[in-house]
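To keep things clear, I will list the structure first and then write my remarks on it.
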Amino acid sequence: MWARLGIPILALAALCSCEETPQDEAPSVPEYAGVETRLLDGDLVNFFVEMRGARDAGDVEDYARCAAAQYALIRGYGFARHLRTNVAQEGGLWRGDAVYTISAALPRGLKTIDAEVVALACAENGIPMV
């Protein structure tokens, strides 16, 4: 009987003696380095954002979206429409260059945001705004 159990017990012992594999590094904490806004024409606004510790381009896009939402609210508008965002990363510094239109009424298009809703979500997620 012990002979039949020997192999499974040895296999179990071998598994238990293995060293623990190191976990991936802890996720980096985002560091938001600032927002610059430029009014291009009437309701067309360009947002330049910089951050470190982004997981990917989506974090940079979120930062720009938060800036656009707050900017719209500051100007007395309730909505914004995303036109484009370019993201670049160099040496750990992520930069975003985003363009939005802002408006009082819900604009046409698929990439519209309700500025109040987005600003609240940004505050809840700790993403700074303008």
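Can you name the number of the only condition in (1) out of contact with any Gly (no Cβ under 6 Å at 6 or more places or on another chain); (2) surrounded by 14 or more Cβ atoms within 10 Å (Cβ to Cβ) that residue 50 fails?
(1)
Which of the numbered conditions does residue 34 fail, given that it passes all the others? Conditions: (1) on the phi > 0 side of the Ramachandran plot; (2) of a type outside the set (Val, Ile, Thr); (3) touching a helix residue (DSSP H, G or I) at 6+ places or on another chain (Cβ under 8 Å).
Condition (3) is where residue 34 drops out.
Any idea which of 112, 85 is polar (S, T, N, Q) and more than 17 Å from residue 48 (Cβ to Cβ)?
Of 112, 85, the one residue that is polar (S, T, N, Q) and more than 17 Å from residue 48 (Cβ to Cβ) is 112.
Quick check, is residue 38 of a type outside the set (Ser, Thr, Tyr), assigned to a strand (DSSP E or B) and free of Cβ contacts under 8 Å to residues at least 60 places away in the same chain?
Here the answer is yes, as residue 38 does meet what is asked.
Of a type in the set (A, V, I, L, M), surrounded by fewer than 16 Cβ atoms within 10 Å (Cβ to Cβ) and touching a residue at least 12 places away in the same chain (Cβ under 8 Å): does that describe residue 33?
yes
Starting from residues that are in contact with a Ser or Thr (Cβ under 8 Å, 6 or more places away or on another chain) and aliphatic (A, V, I, L, M), keep the ones in region 26-53 and report whichever is farthest from residue 85 (Cα to Cα).
Among those residues, the one meeting the criterion is 44.
Any residue in region 94-117 that is closer than 17 Å to residue 32 by Cβ, small (Gly, Ala, Ser) and touching a Lys or Arg at 6+ places or on another chain (Cβ under 8 Å)?
Scanning region 94-117 turns up at least one residue that is closer than 17 Å to residue 32 by Cβ, small (Gly, Ala, Ser) and touching a Lys or Arg at 6+ places or on another chain (Cβ under 8 Å).
Does any residue in region 112-130 that is surrounded by 13 or more Cβ atoms within 10 Å (Cβ to Cβ) come within less than 7 Å, Cβ to Cβ, of a residue that is in a helix (DSSP H, G or I) and among the charged types (D, E, K, R) six or more places away or on a different chain, and which pairs are these?
These pairs meet every condition: 113/65; 118/65; 127/62.
Scan (1) small (Gly, Ala, Ser); (2) at pLDDT below 95; (3) touching a helix residue (DSSP H, G or I) at 6+ places or on another chain (Cβ under 8 Å) for the single condition residue 11 breaks and write down its number.
(3)
Restricting attention to region 70-84, does a residue exist that is in a strand (DSSP E or B) and out of contact with any strand residue (DSSP E or B) (no Cβ under 8 Å at 6 or more places or on another chain)? First the steps, then the outcome.
So the first thing to find is which residues in region 70-84 are in a strand (DSSP E or B), and the list is 79-84.
Now restrict to residues that are out of contact with any strand residue (DSSP E or B) (no Cβ under 8 Å at 6 or more places or on another chain): none.
Looking for residues that are in a strand (DSSP E or B) and out of contact with any strand residue (DSSP E or B) (no Cβ under 8 Å at 6 or more places or on another chain), one finds none in region 70-84, hence no.
Please specify each residue of region 88-109 satisfying the condition of being closer than 24 Å to residue 53 by Cα, surrounded by fewer than 18 Cβ atoms within 10 Å (Cβ to Cβ), touching a strand residue (DSSP E or B) at 6+ places or on another chain (Cβ under 9 Å) and not acidic (Asp, Glu).
88, 89, 92, 93, 95
The values are calculated or read from the model by the stated rules, or taken from the named source; none is laboratory data. For clarity, every value in this text was computed on a predicted model and none was experimentally measured. Reconstructed Cβ throughout: ideal geometry from the backbone, glycine too, with neighbour counts over all protein chains shown.
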